[in-house]
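Below is one structure, written out as structure tokens; comments come after it.
Any read-out appearing in this document is the output of simple, stated calculations on the displayed coordinates, not a laboratory observation. Owing to the predicted nature of the structure, the values given are computational and were not obtained by experimental measurement. Cβ coordinates were reconstructed from backbone atoms using ideal geometry, including for glycine residues, and neighbour counts include every protein chain displayed.
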Amino acid sequence: MLWTLSATDTRRLVAGSERACSAYARLRSAQDCFGVSQESVQSSTIRATASPFRYFKDDDKTKSAYRGDYFTLGDHGYLDEDGYLFLTGRIAELIISGGVNIYPAEVDAALLTHPAVGDVGTIGVPDRDWGERVIAVVEPKEGVTPTPELGEELIAWTRDRLAHFKCPREVAFVDELPRHDNGKLYRRKLRDMFVR
């Protein structure tokens, strides 16, 4: 499947996305470019006509992102019935537990609606039986005391809002989540804290 975006479509893309493409671009499904099913990797590839995309000082990473003239930045998402592109997370952050794809951003969004949660980062850690186990790492709001009971409450909170297989099996509390200067969560650093 091939989608071509005009300048008008690009404005729609900006309105409907967490991140946006600023140049005229063509979006192709991951199946077309990488030979994988849409169910296994919900990624779009982009062909920017203005100038080629490159990773700064990383030619190998740049080469691995391209298939012909098309490239992927590793974001996954979906087009809704009106053609709006919604980016829902990063492929590198995908958790696979029991053969099922779990998107950390979806779990984060559910937990952020709880009044005791100031910030959260959901990660997958190796699990002998399931492949990966979902852990929610929570930074409580100021004045909230982290307790095992709060952890159980947060798991129950997600079970009321998400399919049960997506819910964390464990909640850990930290004083502060590791973030870039730009506010982006260092999910890899967070995961390293829990991989033993």
Separation of the Val100 and Asp160 label points, Cα + 7 Å toward Cβ, nm: 2.0
Sorted by Cβ neighbour density within 10 Å, fewest at the top, the residues Glu152, Glu106: Glu152, Glu106
Unsatisfied cross-links (Cα-Cα over 25 Å) in the set Lys61/Lys184; Lys141/Lys166; Lys57/Lys166: Lys57/Lys166
Computed over the stretch 95-194: relative contact order in percent, which uses C-alpha pairs under 8 Å that are six or more apart: 27
Debye, to nearest 20: dipole size of the stretch 95-194, +1 on Lys, Arg Cβ, -1 on Asp, Glu Cβ: 380
Inter-site label distance for Lys189 and Glu170 at 7 Å from Cα along Cβ, in nm: 2.1
C-alpha center-to-center spacing [the stretch 81-121, the stretch 151-190] in angstrom: 10
